[in-house]
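Structure record follows, encoded as structure tokens.
The values are calculated or read from the model by the stated rules, or taken from the named source; none is laboratory data. Note that the structure is a prediction, hence the values are computed from the model and not measured. No Cβ is skipped: glycine too gets one built from the backbone with ideal geometry, and neighbour counts run over all protein chains shown. We work out accessible area using only protein heavy atoms, side chains counted, and drop any ligands, DNA or RNA first. Shrake-Rupley method; radii C 1.70, N 1.55, O 1.52, S 1.80 Å.
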Amino acid sequence: MLLHNLTGIAQPAVPCQIEIAAGLLPPTIGNHGYELKMTYNKLLLAPSVRLECNFVDEQNEPYLTIAVEWHFNDYDGASSGITGYAHSAGGLLSFSAGPATCSGFGRIAQYSSTHFKDADWRIVSHLKTYLKRNVRRNLRFHLHDDLISPMARTELNKVRDRLPGGTGPLLPTIDRVEYAAFGHEELKIHSKKDGMRRPKQLMSGDVKHPMVPLRCSDTFATIKEAGVQLAYAATVRDAESKEALKLWAATPHRGRLFAHSNFAALGVRFGNFEKLGSIRDELHYRLSRELQTKMRFRLPGSDQELRVEGFLMSNTSGLPAHDAIFLLTSKSLEVLSRCADNPISLGTESFDVHFAPYYNSCTYASQLDTVARLQRQDSRRWHAILLNQAHDLIPDVDLSVVDASVSAEVKAKADAWLLHWMDWNAEQLQVINGIKKTKGGAVVVMGPAGTGKTLLQQALAIYFWKLGYHILVLAPANSNADHLAKQLDVVRARDEALQDLKFCRLYPGSRDFGFELLEERQAVKDRVGGSENGVLSFHEFLVALEEFKNSDWFNRPYGVVEIVVRMALLRKFELKQRLRDERNVAYGVAVDSWAILRDFIEAYQKGTFDPHGKDVVLRYRRAYQACKGHIISMSRFLVTTTGNVRSAELLNYWTSHEYGGGCLGVMVFVDEAAKDVEANVWGGIVCETWADLVKGVFFFGDDRQLKPTNTSSTGKVQFNAYSDRLDIALPCRLVREGFPCFRLLEQRRMHWVIASFPNVNFYEGNLRDGPGANSRLNDIKPGFRRQLSRILAGQDGQAIEVKGERRMAPSRSMLVQEHVDFFFDWIFPKLREYFSQFTEKKDRMEDNVMIICAYSATLYAYRDRINHMLARDNTLTQADMPRVLTVDASQGDESFMVFFDGSFQHGDMIGFMKDAGRANVAVTRAKEVFWMIGGNMKYRFPDSRFKAESHMKRYKMEIGADGRSHRFS
């Protein structure tokens with residue numbers, strides 16, 4: 001109990017009164033509509049005296065708590081901390097202190113009109129006086145220890161004994177800088193990669209890390225507290241990821257070789273390897289998407305050990321499902337064949353593979369750089385939003401006011417276009433008009449699937465682009481960024497007024513580079529990335545050229561790499577300048593980088609390119625980097641991921657004046673911001689290259705769906721004291737504390753039958769069905785209802801019962817193979833029969849049918865079956881197949897028809913689909929038809945009826961009650 005009281009909010013809090021000039025506030029201890037209580041907070045970290053005001057309703061039930069805290073440390077400059085602290089035996093507490101910090105004040109507006117009375121407003125007004133900057137006060141409080149139990153009083157006195165005037169030794173954190181265990185700088189922590197304190201350092205000195213889980217809330221008391229929590233949450237998670245990767249690589253895994261274009265692909269099934277933390281809480285270990293690795297193995301029947309290098313593939317289309325598939329980049333399939341003693345048997349025989357991964361620290365380094373930037377004084381514009389304490393103190397900013405260089409005519413045309421581009425509903429118009437009055441230049445827009453968030457985001461981004469601003473659109477994952485870019489491309493194609501819209505999609509180059517090109521210092525340390533994030537990305541160019549050889553044109557015409565290839569072939573540009581090395585330092589004489597790149601493309605296409613000529617490869621690579629930078633510098637509209645925002649290409653070239661033009665300002669849009677780690681979200685806002693140019697930021701998302709991905713161990717063994725901070729998204733904590741938020745509640749995407757369940761279960765019945773939510777299936781796709789009736793009766797929300805066995809794959813992921821077999825044996829042929837009659841891609845199955853899987857083993861089983869069918873039937877193409885995604889990857893996506901396979905058979909074996917946000921995503925991706933494949937969902941064990949019912953079981957039961965559950969043997 002003592003450790004809990006010293007590291008968090010001490011309990012119990014003692015009823016108290018404030019001594020004011022007119023007497024005491026409140027005048028008596030009793031029911032005044034509120035109750036004041038005094039306690040302490042974070043005494044072993046950043047000690048403070050905490051005054052809580054608990055508001056209660058007429059039934060004496062609490063509904064709101066606000067708090068002010070005075071700090072023993074000088075958190076706000078010299079002389080801001082507590083002095084003269086004294087606690088008399090009679091219950092009088094007195095001290096002098098500077099301004100207090102606070103929490104809960106933003107939530108007052110939620111209750112002021114329905115609950116607050118005059119006495120409530122008086123106490124709020126009084127507490128707000130304690131927040132005034134540069135003011136010191138003498139404070140006196142009357143504490144009523146007699147109103148708490150003797151046992152509670154004993155525990156509280158153990159805490160008081162360690163404070164000034166107490167009978168025990170003084171806490172080492174008194175009269176020290178706050179969070180002294182994390183660094184001795186007064187107002188910030190050192191947030192540089194390889195400079196963070198290690199466990200031994202955290203436990204040394206007078207002030208030590210308590211080494212227990214620490215409380216994380218929706219507010220930060222100080223800027224240094226924000227820095228400590230954000231930086232150390234990221235640091236420990238990175239250390240865990242690195243250690244987990246070491247454990248994975250310590251065990252050999254089984255591999256098989258496959259041909260993939262001119263490359264060899266290595267499919268890997270994981271062996272039994274030790275996992276970090278509690279194995280019971282780890283269902284599946286996922287390798288980092290950016291993983292690069294060395295590999296060594298002996299092919300069956302060969303004594304020669306082969307050593308290769310490659311990277312983890314994200315797009316494994318056309319290859320059999322495995323736990324992981326690596327593209328081998330250091331040796332081609334032809335070279336491997338020459339190295340082997342016997343002919344390579346592709347895809348059949350397996351063999352042991354030993355891995356030596358390069359640990360990718362780019363994301364971690366980017367997060368630390370962002371945290372360091374956040375703590376700087378030149379980021380103080382955002383500090384009030386970061387702290388999230390009192391929103392009425394944040395100045396209003398009108399984002400519709402433009403630079404003087406923008407003509408009135410351009411402004412008027414842009415305004416008219418924005419207002420009339422779509423038939424906006426009232427809530428969407430509120431967002432559009434709301435840009436004239438924003439808190440600190442930040443706008444939060446929340447809404448469920450189908451409420452027009454993406455459309456509104458596109459409109460606002462294009463509007464500011466029309467006004468001449470640079471637009472940075474960010475998303476947490478490549479799948480989300482791809483969806484945004486694809487939708488922008490669709491909008492541009494169908495709207496003649498937007499034919500001049502030019503945007504680029506920048507993909508993370510860190511996944512796609514050749515290891516022979518690693519910087520020596522990175523290769524020696526087996527690590528990729530650093531504070532400069534200077535990862536090389538020439539291999540992405542080679543992959544693009546391979547794609548170009550195998551197709552008429554690129555599938556991603558807006559990708560930066562694809563634009564570089566296209567512009568080189570079209571001879572559009574000339575760029576005469578000196579080439580630059582990895583540190584962006586120019587060398588040699590001026591050359592035309594575009595001409596060099598064209599020479600390389602021609603040599604590559606003719607097959608005369610020698611990849612072993614290091615000097616030549618280096619020249620080509622640096623010419624490619626220059627051309628890529630040229631394209632990025634000329635782009636005013638960029639789409640990428642939050643994790644890629646500090647890539648070398650962006651830092652060196654975007655908003656640069658090097659190639660002409662200028663930058664009026666930057667507007668940042670963060671899509672799916674509610675599912676991203678906070679340090680990533682801030683990255684595009686405070687990035688030093690354009691931080692001074694940022695005019696405003698828009699956060700779009702849904703706080704009722706997925707939380708940020710937290711990979712820290714949360715089992716019996718926990719390493720990350722601030723693990724909870726990784727679960728808290730920036731816009732979500734802002735909204736919970738009362739930050740202004742626009743909520744979109746009219747959905748126009750889902751058929752009303754599909755929308756009814758999430759409306760009731762996730763959105764408290766607040767959703768409205770707009771135009772298009774009651775459409776007839778035959779009006780949208782003539783004949784499709786009849787085709788569905790050949791599978792089962794009905795068209796909308798359905799549950800298909802397929803009896804099977806829920807099995808655990810070697811990767812500890814779950815699978816019901818009978819679900820997969822049923823889909824392809826019974827459902828797929830009839831879907832193929834319908835969609836194969838169309839010729840346009842938008843009408844084929846790939847663009848209209850999606851399968852969402854709860855587990856990766858299930859996803860691999862579906863993809864494996866698809867790849868097997870494509871290999872056996874040359875009349876089938878990828879366009880004839882459904883898309884297969886995980887729940888996480890599907891957020892932000894949509895499809896005409898969705899099948900959900902949660903690997904469910906029983907209602908008490910739901911796994912992580914118990915999470916309401918994950919269940920919400922699964923059931924809201926379909927526009928017209930949603931079918932769930934699973935078992936009868938009855939409880940398997942008798943005592944399960946006492947467990948909390950999951951949303952997925954409730955959905956199945958409701959479908960069954962409506963007669964829309966169909967059982968198959």
- [ ] Return the carbon/sulfur percentage of the accessible area of the chain, one whole number, probe 1.4 Å, all protein chains in place.
- [x] 50 percent
TODO: For Arg160, tell me the accessible area in Å² from a 1.4 Å probe, rounded to the nearest 10.
DONE: 20 Å²
Task: Hits among lysines - C-alpha to C-alpha of Lys614 under 25 Å, sequence gap 8 or more where chains match - done: Lys294, Lys331, Lys525, Lys549, Lys576, Lys606, Lys628
Open item on the list: Please give me, ordered by residue number, the GluC sites (Glu not before Pro) of segment 737-788 that lie in loop per DSSP and have at most 12 other Cβ atoms within 10 Å.
Closed with: Glu764
Open item on the list: For Tyr358, what residues show an amide H to amide H distance below 5 Å, using hydrogens built from the backbone and excluding near sequence neighbours?
Closed with: Gln292, Thr293, Lys294
- [ ] Could you pull out every residue, at least 5 positions away or on a different chain, whose amide H is within less than 5 Å of the one on Cys504? Hs are placed 1.01 Å off N in the peptide plane, and Pro or chain starts have none.
- [x] Phe637, Leu638, Val639
TODO: With θ set to phi - 60°, apply the Karplus curve 6.51 cos²θ - 1.76 cosθ + 1.60 along segment 63-75 and write out the HN-Hα couplings as whole Hz, x wherever there is a Gly or Pro.
DONE: 10, 7, 10, 10, 8, 10, 9, 9, 9, 6, 8, 7, 6
Task: Between helix 453-466 and the chain: long-axis angle, C-alpha atoms, 0 to 90°, nearest 10 - done: 90 degrees
Open item on the list: With a 1.4 Å probe and all protein chains left in place, how much accessible area per residue does the chain have, in Å²?
Closed with: 41 Å²
Task: Value at 222 nm in deg cm²/dmol, rounded to 500, when DSSP H runs of n ≥ 4 in the chain each add -39,500 (n - 2.57) - done: -9000 deg cm²/dmol
- [ ] Pull up the DSSP beta bridges for the chain and report the antiparallel fraction as a percent, rounded to 5.
- [x] 60 percent
TODO: For helix 951-961, report the angle its Cα long axis makes with the longest principal axis of the Cα atoms of the chain; keep it between 0 and 90° and round to the nearest 10°.
DONE: 70 degrees
- [ ] Assign one of three labels to segment 1-118, namely rounded, prolate or oblate, based on the Cα gyration tensor with a ≥ b ≥ c the square roots of its eigenvalues; rounded applies when a/c is under 1.5, prolate when it is not and a/b is larger than b/c, and oblate otherwise.
- [x] prolate
Task: Rounded to whole Hz, the Karplus (6.51, -1.76, 1.60) HN-Hα couplings of segment 416-428, x for glycine and proline - done: 5, 4, 4, 5, 10, 5, 9, 7, 5, 7, 4, 5, 5
Open item on the list: Which lysines, if any, have their Cα less than 30 Å from the Cα of Lys914, not counting same-chain residues under 8 positions apart?
Closed with: Lys242, Lys275, Lys453, Lys675, Lys707, Lys716, Lys803, Lys927, Lys938, Lys947, Lys953, Lys956
Task: Straight-distance crosslink candidates among lysines, where the alpha carbon sits under 28 Å from Lys128 and sequence neighbours closer than 8 are dropped - done: Lys37, Lys42, Lys117, Lys188, Lys224, Lys436, Lys437, Lys439
Task: Order by protection proxy (mean Cβ within 10 Å, highest first), peptides 780-792, 442-454 - done: 442-454, 780-792
TODO: Using packing as a proxy for protection, rank 101-107, 492-498 so that the peptide with the highest average count of other Cβ atoms within 10 Å comes first.
DONE: 101-107, 492-498
Task: In degrees, nearest ten, helix 362-375 long axis to first principal axis of the chain (Cα) - done: 30 degrees
Open item on the list: Order 163-174, 620-631 from most to least packed using the mean count of other Cβ atoms within 10 Å.
Closed with: 620-631, 163-174
Task: Rel. contact order, % - alpha carbon contacts under 8 angstrom, at least six apart, the chain - done: 11 percent
Open item on the list: Tell me which GluC sites (Glu not before Pro) from segment 787-891 have a DSSP coil assignment and no more than 10 other beta carbons within 10 Å of their own.
Closed with: Glu805, Glu840
